[in-house]
Every structure is written in structure tokens, then in C-alpha cells.
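Below is one structure, written out as C-alpha cells; comments come after it.
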Amino acid sequence: MSMREIRQSPTAQIVSPDMQEPELMLECRQLCKVYTQGPERVEVLRDLNLRVYAGERVAIVGASGSGKTTLLNLLGGLDLPSSGEVMIAGLNLASLNEAQRGRMRNRNLGFVYQFHHLLGEFSALENVSMPLLIAGNDVRRSAARAAAILERVGLGHRLEHKPSELSGGERQRVAIARALVTEPRCVLLDEPTGNLDRHTAREIHALMAELNTQLATSFVVVTHDEEFARSLDRVLLLRNGQLEELDAATRAAIAARGLTASLVEAPAQDGAHGE
Ligand SMILES: Nc1ncnc2c1ncn2[C@@H]1O[C@H](COP(=O)(O)OP(=O)(O)OP(=O)(O)O)[C@@H](O)[C@H]1O
Ligand SMILES: [Mg+2]
């Protein structure tokens, strides 16, 4: 994308106005999350640091229970950290009240949950229209845009189906359409293509790549799909409550052995692994 296109596009601000530094889309500093259950303390995230720039695509990998969903929930302002800070597009989430956090999410973020969370009493079309209606768009325009993106994820023939009348993979695609329909600046996805066959997963990945190129959309994706993870700009491993950047050699090993095998075989390390 040329600098002129960047200046002309209201959404594709991959550089700050001085045209020097890439724009920081999302940042967390010294993030800690501890769950307490009775006398037990579960320390899931420990002094975790992360920076994602506008237009960057980041994969987060890690064993089950390592805290990937916990981290995404904190990045999206769906949950609050025990300590540390999350900044989205320069706004500190802790400085916002719940209504302001909701507006910030609607304006800047798309979210695909691990367990999709569609509204059961509404059709696919209504579910996908919802974020546009909340943002103040009129019903007809919202429905047209929702139908177009549902078409794009291969569900043009299922617009009037309710979630209970869709297959698992179809529901996941509705959730992906709902996250992308507002063309948010940053999309957080929790294993978005886990239930999809290879062909459908590739279609979704192509859609994400297209948005990334056209609108400089940032993506933070929790995934077990090694082929997809390798296609992104960075791969970060969540282990011992912290993120480690996987270097080229480790990524090559993943390519050779498979992501899951690498995660299982990788020795757990102590100490700080922040960025
Ligand atoms: N509300 C909660 N209360 C107590 N413990 C929790 C809570 N939510 C998550 N945990 C614990 O925190 C740890 C991290 O959970 P999380 O869901 O973030 O893992 P994950 O990496 O997303 O795993 P998966 O790959 O299985 O989805 C787990 O050990 C889980 O049991
Ligand atoms: Mg999870």
C-alpha cells in the first residue's frame, strides 16, 4: 500500500501522522491474571508484554490451559487484569467505564470467541447485522452488508437460519462474519477455523488476508493450525504465563514436526520471556 493510499483511507492508518513510526494498535504491559477459586490461586498470566502494530498479523499458540483465551479476553476488554495495563488504539482500558469499553470495542475491535456466542433467537443475518445496528447504521444497509459478508464466508444460502439450525462449522463462520462486518481495525480470534474443513478454513484465511491488505486490519489469532500460523507475520508461544517470540529456527521445526508435537516436546522454561 502506498503512502498516498494510506493517507486517503480513513481506516488504513498503518503509520502515525508524522509518517515515521508504525501505529501501535494494541499493547499490554506487565499483564497479570490470577483466578482465585476458594483457597486456590491460579496464576495464568505473569508480567506479560505484547505490542501489535496496525496491519500486523500475530499468531498465539500454546498448550491447552496455558491462558490463550484468558489473554484474548483481557485484550478485548471482556475481562479485567489482576494488574498491568491494556491499551487499544492509545486508550487505556482501565480508564474507561463499561459503557465506554463497549463503544471502544464496537468501534475498533472484532471478536471471534472460542465458543462463538451467537444469539440463539436471531437468524444468521440478524446476528451479523447486530454490530452494525449498534454502531448506528440503518436496518436495510446493515442487512445488505451482513448478507454480503455471509455470502463471502459461504453462507449466502443460510441467511434465515438460527444458530440451532446450523452446523458447528457454519455457526463458526457466522461468528467470523459478525466479527469482520464492521471492518474493525483489529480482530481477535480464538481458534476461528478449528471446526472447519481445510478448504473452508483456507477461504476464511484468504478473507482475513484480503482485509489485512486492503484495510491494514490487525489480527491476533489463537490457532492450532500450523500452516496458518506460519503464514502470519509473527508466532508467539504462550508458556509459563508469558509470551515468547518463536524465531525462524523454531518455526522451521514446527513446519517439520507439526505445531502440536513441538509444543508438547518443547521444554518448559522458567524466567522472563517478555518481548
Ligand atoms: N473463571 C476461571 N476461574 C478459575 N480458573 C480459570 C477460569 N478461567 C480459566 N481458568 C483457568 O485458567 C487456565 C487458562 O485457561 P484458558 O481458557 O485461558 O486456557 P486456553 O489456553 O485458552 O486453553 P484451550 O486451548 O483449552 O482453550 C486454565 O487452567 C483454566 O482452568
Ligand atoms: Mg481457549
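DSSP assigns beta bridges within segment 109-256; of those with both partners inside it, close to 30 percent run antiparallel. Note on Glu27, Glu160: ascending count of other Cβ atoms within 10 Å places them as Glu160, Glu27, the fewest first. Peptide packing for 77-87, 44-54, 216-226 was compared via the average number of neighbouring C-beta atoms within 10 Å per residue; ordered from the highest value, the list is 216-226, 44-54, 77-87. If the chain linking Ile134 and Tyr35 were pulled fully straight, counting 0.36 nm for each residue of separation and taking away their Cα-Cα distance, it would gain 32.5 nm. On the principal axes of its alpha-carbon atoms, segment 84-152 has extents of 40, 27, 23 Å, going from largest to smallest.
For segment 199-225 versus segment 104-168, the inter-centroid distance based on Cα atoms is 18 Å. Structural size metrics of segment 88-210, computed from C-alpha coordinates, are Rg and Dmax of 14.3, 43 Å. For segment 168-261, taking Cα atoms only, Rg and Dmax work out to 13.8, 38 Å respectively. Entry note: segment 132-183 has Rg to Rh equal to 0.96, where both radii use alpha-carbon atoms and Rh is the Kirkwood radius.
Where a number appears in this text, it was derived from the coordinates with a stated rule and is not lab data. No experiment lies behind these values; they were computed from the predicted model shown. Please note: Cβ atoms are built from the backbone with ideal geometry, for glycine as well, and neighbour counts cover all protein chains shown.
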